[in-house]
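Okay, structure first, notes after.
The values are calculated or read from the model by the stated rules, or taken from the named source; none is laboratory data. If you're wondering where the values come from, they're calculated on a predicted model, not measured in any experiment. Please note: Cβ atoms are built from the backbone with ideal geometry, for glycine as well, and neighbour counts cover all protein chains shown. SASA here: full protein model, heavy atoms, side chains in, ligands and nucleic acids out. Shrake-Rupley method; radii C 1.70, N 1.55, O 1.52, S 1.80 Å.
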Amino acid sequence: MEKILLLIVIIPLMGAIIAPLLGQKKSQAAFMIALIAALLSWSLIVFLAGQVFSHGRISYPLGNWGASWGIELAADYLTVVLLLTVNSIGLLITIYSYSYIEKLLPEAKRRIYYYCLLCMLLAAMPAFLMAGDLFTMFVYLSLFSLAAVALIAIGRERQAILAGLRYLILSTTGGVLILLGIALLSYFTGTMNLNELTKRMAHITNVKPVLVAISIIIIGFGVKAALFPLHLWLPDAHGFAPSPISAILSGILIELGAYGILRCVFLLVQLKSREIYPFINNILCWMSVLAIIYGAVGAILQQDLKLILAYSSVSQIGYIVLGIALSSYYGLLGGMLHIINHAVMKSALFLSAGALLYKTDKRTLKELEGVGKQMPYSAGALALTGIAIVGIPPACGFVSEWYICMGAIQAGRMGFAICVLGGSFLSTIYYLRIINALYFKPVNGGKDTRVAINEAPLGMLVPIWILTFASLWLGIFNRWPLQWLEKMVAGIL
Amino acid sequence: MEFFLHAYYQIAAIILFFIGFYLLIVTPNLIKKILGINIMETAVFLFLISLGRIGGGQRAPILHEGIRWTECVNPLPQHMVILGVLMTLGVTGFALFLVVKIYAHYRTLNSDKLRRML
């Protein structure tokens, strides 16, 4: 039963090995392998989720070493909810990739590499979520960063390689900082296992070095999460990567960085009564508030549709980290919920922006004027998920932003609640700019008003609309993720 | 003074770390930046290795009759360092490959000039 945890990692890794072998003759075979691997690991995760929801935490120590010495894979409520989100999006993106990559990479050889790397990502992302100790987290973090760099650089444009190298240098620096922090933490506490660390935190006598170690780890994860002063790699990487990869980068990878920060904050919360704790907490809160404002303003100033979405990611990561850093009951709940919500809505937005790019080969808002009439389904999905980013009630963004506001009030920080509302207001502006360009501008400069409908293929529309409905569904029926997250937060505080 | 005598590994690691960090931030040359990352990683590995000396012992951790655990090193940091070295190798190789591609296209390795071209 516990071995499922291992299978979830191994099946896509096997896919990464088999896909280039079978893909030599026909590149469609590589796509089929990636699809089968994603489907298998997704169904295993659904089964695992059923088990965890009925029996509680499941853990598997590799090689039968005890949990505090060896490598441990574990799944608790938070992990399982995130696993379901991450792998469902991964599966949909694999389906979407087929048509998009066919056009982007005409050579069959490059397509095979693409699917091989996609399988590696699909193996490393769940493994990172399931890792029970910090060092295993670091190993899988390095694996998916490397795969992501290769996928950013795979495109035809030369700038993509430069953006990839920039991400590689910054994320490796972040990785080194994480490793340094882990080494310090294990030196002062004697263990790397997250559960064991949480237990030992309460009995630590010398608090300052432990806090320094945790802060270093948080800075490292902040680079991966593109938290405000550390976000420099994000706009280029999102802009030049192929659209399915932008969706993975923005929808999943930076959320995984936020998940790392979340795990560190779980450790920090145990030290809540010590005197130096509020200092670190305040810095994290202010960084995320600056991220909210900076990202939204940056998005307003951009012309390129994908860059607008990229800067909006910087702003949304600010919301997530603010909720987590407030570490009040509603704040933590809102932060966790926003991880899921942002993953769903931002991947839907990037996929539909990718569909526009696929059909029209146009990137800026000026060029995309009036595309809403030409591609009603893709542009409609973009408009519908956009209301989730702004946080208008029926969509999912509203719920988590509401919880983060409540968390700020609960922690006694009215100023931060106002900042959250201000960020929401700013995001209305860039959302309305997109809507204005897509629907309310004349087509072809007003000369020819009749437009033929020219839609993206069905293999791209189906994933987009599943994600769009998911973002609305999560807004209305949000009891389902919330009941498990509430149990998780109650166990921590 | 006694502290410096006891913790010379750690102090060397910290100095190395900042040399690497300086190189990463200050030089515009891409290959030197990658070198800087390598030096930083080496510093962290040195630090990790130095954590393995639990009781001051320096023997290989093979326990048999007559040897106490305080005479041996802790094998756990060493296993982590080996994994870390492998990962550094992969990252460095891949980064240098990207640098070769960039040089073939832009004919420069200066990151300030490259940023203006982007």
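Observations on the model:
- Selection count where residues are more than 9 Å from chain A (Cβ to nearest Cβ) and open to solvent by less than 90 Å² (accessible area, probe 1.4 Å), scope region B:15-34: 8
- Lone unmet requirement of (1) touching a helix residue (DSSP H, G or I) at 6+ places or on another chain (Cβ under 6 Å); (2) at pLDDT below 90; (3) surrounded by 16 or more Cβ atoms within 10 Å (Cβ to Cβ) for A:V451: (3)
- Considering each residue of region A:315-335 in turn, at least one proves to be among the aromatic types (F, W, Y) and open to solvent by less than 10 Å² (accessible area, probe 1.4 Å).
- Residue list for region A:17-39, restricted to those being open to solvent by less than 10 Å² (accessible area, probe 1.4 Å) and within 30 Å of A:R57 (Cβ to Cβ): A:A37, A:A38
- Residue ID - surrounded by the fewest Cβ atoms within 10 Å (Cβ to Cβ), chosen from residues in region A:152-200 that are in contact with a Ser or Thr (Cβ under 7 Å, 6 or more places away or on another chain) and outside any helix (DSSP H, G or I): A:T191
- If you go through region B:62-118 and pick out every residue that is among the β-branched types (V, I, T), away from every other protein chain (no Cβ under 11 Å), farther than 24 Å from A:L141 by Cβ and loosely packed, with under 15 Cβ neighbours inside 10 Å, you end up with 3.
- Residue among A:I101, A:I112 that alone is open to solvent by 10 Å² or more (accessible area, probe 1.4 Å) and among the β-branched types (V, I, T): A:I112
- With a requirement of 2 or more residues that are modelled with pLDDT of 90 or more, the helices (runs of 4 or more DSSP H) lying completely within region B:1-53 that satisfy it span B:8-26, B:30-51.
- Breaking point among (1) away from every other protein chain (no Cβ under 12 Å); (2) of a type in the set (A, V, I, L, M, F, W, C); (3) over 17 Å from A:P242 (Cβ atoms), for A:L170: (1)
- Scanning region A:414-431 for residues that are of a type in the set (G, A, S), without any contact (Cβ under 8 Å) to a residue 24 or more places away in the chain and over 25 Å from A:Q483 (Cα atoms) turns up at least one hit.
- Within region A:305-334, tally of residues that are more than 17 Å from A:L432 (Cβ to Cβ) and either touching a strand residue (DSSP E or B) at 6+ places or on another chain (Cβ under 6 Å) or among the β-branched types (V, I, T) (or both): 5
- When we screen A:L184, A:L194 for residues that are more than 20 Å from A:A343 (Cα to Cα), of a type outside the set (S, T, Y) and within 12 Å of chain B (Cβ to nearest Cβ), the only hit is A:L184.
- Failed item in (1) within 30 Å of A:W484 (Cβ to Cβ); (2) in contact (Cβ under 8 Å) with a residue 24 or more places away in the chain, with A:Y100 passing the rest: (1)
- Top-ranked residue in region A:62-82 [being without any contact (Cβ under 8 Å) to a residue 40 or more places away in the chain and not aromatic (F, W, Y); ranked as least open to solvent (accessible area, probe 1.4 Å)]: A:G70
Condition check ((1) in contact with a His (Cβ under 9 Å, 6 or more places away or on another chain); (2) farther than 30 Å from B:N29 by Cα; (3) among the aliphatic types (A, V, I, L, M); (4) within 11 Å of chain B (Cβ to nearest Cβ)) across all residues:
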site: A:Y100; (1), (2), (3), (4): no, yes, no, no
site: A:Y113; (1), (2), (3), (4): no, no, no, no
site: A:T136; (1), (2), (3), (4): no, yes, no, yes
site: A:L143; (1), (2), (3), (4): no, no, yes, yes
site: A:A150; (1), (2), (3), (4): no, no, yes, yes
site: A:A163; (1), (2), (3), (4): yes, no, yes, yes
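- Subset of region A:210-260 [among the aromatic types (F, W, Y), in contact with a Cys (Cβ under 8 Å, 6 or more places away or on another chain) and over 26 Å from A:S88 (Cβ atoms)]: none
- Residue match in region A:208-217 (condition: open to solvent by 10 Å² or more (accessible area, probe 1.4 Å), farther than 25 Å from A:M192 by Cβ and modelled with pLDDT under 90): no
- Residues that are under 30 Å from A:N281 (Cβ atoms) number at least 1 in the following helices (runs of 4 or more DSSP H) confined to region A:368-418: A:376-390, A:396-410.
- Selection from region A:115-134 of residues that are within 14 Å of chain B (Cβ to nearest Cβ) and not in a helix (DSSP H, G or I): A:A131, A:D133
- Scan of region A:372-398 for residues that are surrounded by 24 or more Cβ atoms within 10 Å (Cβ to Cβ) and not small (G, A, S), ordered by number: A:M375, A:L382, A:T385, A:I389, A:C396
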